[in-house]
1. What are the residues in the range 129-146 that are touching a residue at least 12 places away in the same chain (Cβ under 8 Å), closer than 17 Å to N116 by Cβ and not acidic (D, E), if any?
2. Could you please give the count of residues in the range 198-221 that are of a type in the set (A, V, I, L, M), under 15 Å from I240 (Cβ atoms) and in contact with a Lys or Arg (Cβ under 8 Å, 6 or more places away or on another chain)?
3. Within the range 193-224, can you find the residues that are in contact with a helix residue (DSSP H, G or I) (Cβ under 7 Å, 6 or more places away or on another chain), over 14 Å from T253 (Cα atoms) and assigned to a helix (DSSP H, G or I)?
4. Quick check on my filter: what residues within the range 90-107 are modelled with pLDDT of 95 or more, open to solvent by 10 Å² or more (accessible area, probe 1.4 Å) and of a type outside the set (D, E)?
5. May I ask you to list the residues in the range 166-192 that are in contact (Cβ under 8 Å) with a residue 12 or more places away in the chain, among the polar types (S, T, N, Q) and part of a loop (DSSP other than H, G, I, E, B)?
6. Scan the range 229-258 residue by residue and report those that are touching a residue at least 40 places away in the same chain (Cβ under 8 Å) and assigned to a helix (DSSP H, G or I).
7. Identify, by number, the condition in (1) open to solvent by 60 Å² or more (accessible area, probe 1.4 Å); (2) part of a strand (DSSP E or B) that Y163 doesn't meet.
Amino acid sequence: MKKVLTVAGSDCSGGAGIQADLKTFSAHGVFGMSVITAVTAQNTQGVFAVQDITRDVIGKQIEAIFDDIEVDGVKIGMVSQVQTIEVIAEQLSNYAPQIIVLDPVMVSKSGYHLLNPEAEATLIKELLPMAMIVTPNIPEAEVMTNSSIQTLKQMEEAAKAIYQMGAKNVLLKGGHLEEDSIDILFDGQEFSYFSSSRIATKNTHGTGCTLSSAITANLALGYTLNKAVSLAKEYITIAIQNSLSIGKGVGPTHHFYTLYKKAGLI
């Protein structure tokens, strides 16, 4: 069994962050492990408190895993502090996993900036060049490129700009476009396009975490990058189509829908 690590924040309501990552790993048949960077008090209605884990404890978590277990892939999610980013970069540089997927969690769905400018700059400088692929959504890409993105052409220009920052591959997610959702993958030479019809649901909590984790799992399983992204896109689309009306706000996606259906539980 492939072993895959998520380095991210905890979502106590189970829809995003570490919890969504581990569910996604399990749904793909890989063994999930976690390094928790922050504990959040959040639910379907918002984030109410954040307790960052110390640099030392984050470093020790990474050491504990890599010194004992072979890691086939790493997904990086919420890393809100400069010290957090620096210790992750140091440790991953030391252990040098081949597969690193960076989900640059910078802006919340409500538009709140989760990283201060110094942390944003550190993430781009330290983690971006280490990643096999980075997966920003449009608001995050706007922050990274200091530009406005409203069209597919502007998405392509932003993907090129992020590639120039040191990213090996850029998957720019188009879920915030007004038209159909088109994600574009840029490898430095050409674009690949992954489109899907917009799904009429408010329950999209944790979609970014889930997609990046699905990509990581697929890469660890040996798929090419394009195939890993394509399969992850299919997975998240089904999870959103069958999302769960849990809570009073934005509910989570259904990470196990396909497995439950095959098992006759649905």
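The values are calculated or read from the model by the stated rules, or taken from the named source; none is laboratory data. Keep in mind that what you see is a predicted model, and the values were worked out from it rather than measured. Note that each Cβ is placed from the backbone with ideal geometry, even for glycine, and that neighbours are counted across all protein chains shown. What goes into the accessible areas is simple: the full protein's heavy atoms, side chains included, and nothing from ligands, DNA or RNA. Shrake-Rupley method; radii C 1.70, N 1.55, O 1.52, S 1.80 Å.
1. Selection gives P139, V143, M144.
2. The number of residues fulfilling the criteria is 1.
3. I215, A217, N218, L219
4. Q91, S93, N94, Y95, A96, P97, Q98, I99, listed by residue number.
5. N169
6. Selection gives V229, K233, Y235, T237, I240, Q241, T258.
7. With respect to (1) open to solvent by 60 Å² or more (accessible area, probe 1.4 Å); (2) part of a strand (DSSP E or B), Y163 is out only on (2).
Here's the yes/no breakdown for (1) touching a residue at least 60 places away in the same chain (Cβ under 8 Å); (2) acidic (D, E); (3) over 25 Å from H254 (Cα atoms):
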{"site": "M1", "(1), (2), (3)": "no, no, no"}
{"site": "S10", "(1), (2), (3)": "no, no, no"}
{"site": "G29", "(1), (2), (3)": "yes, no, no"}
{"site": "T44", "(1), (2), (3)": "yes, no, no"}
{"site": "V82", "(1), (2), (3)": "no, no, yes"}
{"site": "E86", "(1), (2), (3)": "no, yes, yes"}
